[in-house]
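Have a look at the structure below before the remarks.
The values are calculated or read from the model by the stated rules, or taken from the named source; none is laboratory data. Just so you know, these numbers come straight off a predicted model, no measurement behind them. No Cβ is skipped: glycine too gets one built from the backbone with ideal geometry, and neighbour counts run over all protein chains shown.
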Amino acid sequence: MNRYTFIFLLISMLFLLYQSGKGQSFEEKKIEFIFSVNASPEEVYDAWTTEEGIKSFFAPDGNVELKKYGDYQIFFFPDSAEGKRGAEDEVVLAYEENKMFLFTWGFPRSLPKLRATQKTVVLLRFSEIGNGKTRVHFLQTGWGSVGNWKKGFEYFVHNFGNLVLARLQYRFDHGPIDWDNIPRASKYQLVD
């Protein structure tokens with residue numbers, strides 16, 4: 001992603017945050033989960049910020065370039081054609097080792113107009129809570145309020161809550177996800 005594209009995306013996200021605040025509380029438009037994981041903050045941070053880590057719970061493949069504006073590509077369908085593998089144009093915005101990770105997040109192919117033009121932002125915070133556990137605070141913001149934005153919001157409430165974050169817990173309770181023999185999604189439930 002070139003510098004001008006990134007600046008455009010950033011300005012667009014700020015505009016959306018401004019627009020989403022008109023006539024409603026900003027607090028109404030966020031996806032937020034707070035839960036614990038049976039691992040150290042270092043282990044959980046590495047799960048999100050390394051290729052090996054994302055393959056253990058998030059998706060079968062990807063590309064992580066842990067630097068400001070580095071690539072954060074999550075390939076849910078790694079054998080598909082370019083542009084159809086998953087989250088291929090996400091960007092690392094900020095990070096603090098073992099404490100915080102911030103990245104852009106786009107929309108699924110089922111919402112093509114939003115996928116082509118919009119992004120949200122995901123913020124993760126990691127804090128040690130003792131007994132070898134980490135509290136994870138997941139926050140996704142930058143939402144519009146009408147039409148397909150609502151569909152996107154509902155999609156990610158389900159997919160982050162019932163799949164991705166539940167798989168993160170599963171990964172540290174039972175081991176990395178075996179992508180060739182993945183259990184049905186209904187067996188995962190985010191708990192805390």
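Here are a few things to note about the model shown:
- Flag for residue 128 being more than 15 Å from the chain's Cα centre (by Cα), assigned to a strand (DSSP E or B) and of a type in the set (Asp, Glu): yes
- The set of residues in segment 66-105 being exposed (fewer than 14 other Cβ atoms within 10 Å of the Cβ), among the acidic types (Asp, Glu) and part of a loop (DSSP other than H, G, I, E, B) consists of 79, 82, 97.
- Residue among 138, 160, 126 that alone is closer than 23 Å to residue 83 by Cα, in contact (Cβ under 8 Å) with a residue 40 or more places away in the chain and crowded, with 18+ Cβ neighbours inside 10 Å: 160
- Taken over segment 7-65, the criterion of being among the acidic types (Asp, Glu), farther than 20 Å from residue 125 by Cβ, part of a helix (DSSP H, G or I) and modelled with pLDDT of 95 or more is satisfied by 51, 52.
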